[in-house]
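Every number here is computed from the coordinates shown, using simple stated rules; none is lab data. It should be emphasised that the depicted structure is a prediction, and the values quoted were computed from it without experimental measurement. We place every Cβ from the backbone using ideal geometry, glycine too, and count neighbours over all the protein chains shown.
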Amino acid sequence: MLAMGWRGGLVVFLSVPVTFALTLFTYYFMHYTLNRITLFALVFITGIVVDDSIIIAENMHRHFKMKRLPFKQAAIYAINEVGNPTILATFTVIAAILPMAFVSGLMGPYMGPMPVGASIAMLFSLLVALTLTPYLGYIFLRGKEKPGKEKPVLRIEQTRIYNIYYSFINPLLEVRWKRRAFVLGIVVVLLGSLMMFYKKR
């Protein structure tokens, strides 16, 4: 709520327990008990679960602030704009963790509920982000139209964080030797961190 505002935070806040409730409901039918493995799957996936709702809510909020379309059309356009990337990102994470469910041997049955539970939670988070989150966003993110003078639209170039970022990144883009020195510095730090493994006793 501090980062997104209380309205956007409320939208995400309400979507997360719905996702976990659906996941636990699926656990029940798959005869998974609540143990360290299944709970770890939920903890592990929490940060990724909120991403889907945050992406949808933030883009809806952006289109509502621009006021180029009526609220309902703006909500539909906002979802269509980021819908495909959200779906692809979700299935990419599932593709990364689901193969763990096919581990054989002694660890297979022990670790199986974690990738399965995390994948189920991701699918439900996508479902909630494309259904419940737009509805909640349409309710809470519209705001109220106040009569009087319209507030001037704040351009991103006028924000402080943009100016800080621009002052850092622009010299790297404009001056070749600074760009090369920056990349070289990153490589040196990376190699230095790798050397710590060899010097560990």
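Given a 10 angstrom Cα cut-off, can you work out which residue in Arg36, Arg142, Arg176 is the most mobile in a GNM of the chain?
Checking each option, the largest mean-square fluctuation is seen for Arg176.
What is the extension gain from Lys199 to Met107, computed as 0.36 nm multiplied by their sequence separation minus the C-alpha to C-alpha distance, in nm to one decimal? List each step's numbers first, then the result.
Details: separation 92, 0.36 × 92 = 33.12 nm, distance 3.21 nm.
Gain on extension, Lys199 to Met107, equals 29.9 nm.
I need the per residue convex hull volume for region 75-141, using only the alpha carbons, in cubic angstrom as a whole number. List each step's numbers first, then the result.
Numbers: hull volume 4.6 nm³, N = 67.
Each residue corresponds to 69 Å³ of Cα convex hull volume.
Jot down the radius of gyration and Dmax of region 1-92, Cα atoms only, both in angstrom.
When restricted to Cα atoms, region 1-92 yields Rg and Dmax of 15.8, 50 Å.
Whats the longest run of the chain with zero GluC sites (Glu not before Pro) that are DSSP loop and have at most 14 other Cβ atoms within 10 Å? Each step should come with its number before you reach the end.
Numbers: sites that count: Glu145, Glu150.
No qualifying site falls inside 1-144, the longest such stretch.
Calculate log10 I(q)/I(0) of region 37-81 for q = 0.14, 0.20, 0.28 Å⁻¹, where I(q) comes from the Debye formula with a single equal point scatterer on each Cα and nothing for solvent.
At q = 0.14, 0.20, 0.28 Å⁻¹ the computed log10 ratios are -0.44, -0.62, -0.89.
Expressed as a fraction of 2.2 N^0.38 Å, the rule-of-thumb size for a compact globular protein of N residues, what is the C-alpha radius of gyration of the chain?
Working: Rg = 22.3 Å, N = 201, 2.2 N^0.38 = 16.5 Å.
Here the answer is 1.35, to two decimals.
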